[in-house]
Amino acid sequence: MKQTENTSPAIELNRLTKRFGDFTAVDGLSLTVRSGEIFGLLGPNGSGKTTIINMISGLSKPTSGEAKVLGHNIIHDTRVVYAALGSVPQETALYEELDAWTNLSIHATLYGVHRSERDMKITDMLNLVQLYERRHSRVSSFSGGMKRRLALARALLHDPLLLYLDEPTLGVDVQSRRAIWNYILDLKKKEGKTVLLTTNYLEEANALCDRIAIIDHGKLVALDTPINLKRRYGDTVMEIETASSVSPQLSAKLSILPGVSEVIQKDKILKVTMSGDELSLTGQLITLVTQETNIKKISQREPNLEEIFLSLTGSGLRD
């Protein structure tokens, strides 16, 4: 059943800071996650994501600043936050030697699901993730994708308002990944739940998230919708195949057009990287090229989220 719409923010962070000795893991972070949205929290290793999640979950106390979950202060109302939060950690932490039904039954008991509703809720959740037929099978016999789906069912069993998913499709096959994506999208569309998602799969963030926050060195680097991030921080790449190679003079003329950041010529292919008013630039490019040679084919590629991520956080390896 779809929950009543909640207009207050699901998460509010106000100058949230966490220090470990001289090291600042989270540095004055302020952001808001709206109720009913799928919100992506992205960043390289060591960027502060895990520390942020630990504070939101009440597992770690901020050095300064404030965090509220569904209007509740995480320090003063920790029990309320626990009850409202469902979590699928990167390590699923299932009882491998027990069957799927018993795993969910234990969780239902821990979260106070009433005995009269328990069997029905467990059945509903197992049907949701298409594991009801395997309810009496040991979890140790499950594939990676099945374990992720069972962990998702477990997190939803007590009907949380906010769901935190850490790398929800890590190590699963393509079919399971798509199935889990569909479950997550349905949680928003049909149930009205808020989902906080961390992932290293940029394609996943692009497919699922309404908005994305990119964190680096404990600070907010960018926050917007995937489309707007690509528009603001990415460059469009246009490839023009010509009937004959263009002159160096034409390449030089193209490279100084306002909004063009790079022109690469290889044989009869011109690769032009550009930003700004793409429609106006495209017209100018075509006009200039056709003054010298005929155009055989034009293709245009939008920047992808991975390119944006790397441009904002760098490509160096992090420990």
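Bear in mind these aren't lab numbers, they're just calculated from the coordinates by the rules spelled out. Quantities reported herein were computed from a predicted structural model and do not represent experimental measurements. When we count neighbours, we look across all protein chains shown, and the Cβ atoms used for this are built from the backbone with ideal geometry, even at glycine.
Using just its DSSP H runs of length 4 or more, each adding -39500 (n - 2.57), the chain gives a mean residue ellipticity at 222 nm of -10500 deg cm²/dmol after division by all residues.
The amide H of Gln90, built 1.01 Å from its N in the peptide plane, has Asp166 as neighbours under 5 Å, considering only residues 5 or more places off or on other chains.
A simple rule links phi to the HN-Hα coupling: the Karplus curve 6.51 cos²θ - 1.76 cosθ + 1.60 with θ = phi - 60°, which for segment 173-190 gives 6, 4, 5, 5, 4, 5, 5, 5, 4, 5, 4, 5, 5, 5, 4, 6, 5, 9 Hz, with x for Gly and Pro. With a Förster radius of 22 Å, plug the Cβ-Cβ distance of Ile295 and Arg231 into 1/(1 + (r/R0)^6) and report the FRET value to the nearest 0.05. Efficiency computed from Cβ-Cβ geometry: 0.25. Taking Cα Rg over 2.2 N^0.38 Å as calculated from this structure, the corresponding entry among (i) 1.00; (ii) 0.92; (iii) 1.24 is (iii). Using R0 = 35 Å, the C-beta based FRET efficiency linking Leu257 and Leu310 works out to 0.85. Going 7 Å from the Cα of Lys219 along its beta-carbon direction, which residues of segment 21-43 have the amide nitrogen within less than 20 Å of the resulting point? Counting backbone N atoms under 20 Å from the label point, the list is 21-32, 41-43.
Annotation for segment 162-228: trypsin sites (Lys or Arg not before Pro) lying in DSSP loop with at most 16 further Cβ atoms inside 10 Å of their Cβ are Lys190. Sorted ascending by nearby beta carbons within 10 Å, beginning with the fewest, Glu204, Glu133 become Glu133, Glu204. Rounded to the nearest 0.05, what FRET efficiency is calculated for Lys271 and Arg15 with R0 set to 41 Å and r the Cβ-Cβ distance? Computed FRET efficiency for Lys271 and Arg15 comes out at 0.40. Segment 7-53 and segment 247-265 have Cα centres spaced 42 Å apart.
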